[in-house]
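I have placed the structure first, in the form of structure tokens, so that the comments after it can refer back to it.
The values are calculated or read from the model by the stated rules, or taken from the named source; none is laboratory data. Please read all numbers here as calculations on a predicted model, not as lab measurements. Glycine also receives a Cβ, built like all others from the backbone with ideal geometry; neighbour counts cover every protein chain displayed. Ligands, DNA and RNA are stripped out before the accessible areas are found, and what is left, the full protein with its side chains, is counted by its heavy atoms. Shrake-Rupley method; radii C 1.70, N 1.55, O 1.52, S 1.80 Å.
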Amino acid sequence: QVQLVESGGDLVQPGGSLRLSCAASGIRFSAYTVSWYRQAPGKERELVARISSSDTTDYRDFVKGRFTISRDNAKNTVYLQMNILKPEDTAVYYCKASWILTYWGQGTQVTVSS
């Protein structure tokens, strides 16, 4: 059974940092492109960042310079380091693993508020 489990979401003040984790089981994780998406209330889900099987990374402009995506294939885990968080970063964050098939996690809530 394939599972993607996100963790690390929390309530944080503006300017703070969080590190999200996406842990996979049941798939050869290293072969997958893994993406982080987010969905804020009343908005569509949007791509935040992604990392390929060859460790090529790609970021949306609104997180460039603040967020870093990385992967540890030995731990079957992808991370999203989020720095200088803003209230507009508040959303449920999801990870997606794509290769021959696509899998989604259940999401983790990030709230940026003072």
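Worth a mention:
- Element breakdown for the stretch 50-114 at a 1.4 angstrom probe: carbon and sulfur atoms account for 47% of the accessible area.
- The lysine pair count for the chain, using Cα distances under 20 Å and pairs eight or more places apart or on different chains, is 5.
- Check: the chain dipole with +1 on Lys, Arg Cβ and -1 on Asp, Glu Cβ, in debye: 120 debye
- Taking amide hydrogens as placed 1.01 Å from N in the peptide plane, the amide H of VAL48 sits under 5 Å from those of TRP36, TYR37, ARG38, each at least 5 positions away in sequence or on another chain.
- Top of ILE69, ILE100, ILE27 by mean-square fluctuation, Gaussian network on the chain, Cα under 10 Å: ILE100
- Residues of the chain: accessible area per residue with a 1.4 Å probe, Å²: 54 Å²
- Cα gyration tensor category, rounded, prolate or oblate, for the chain with a/c compared to 1.5: prolate
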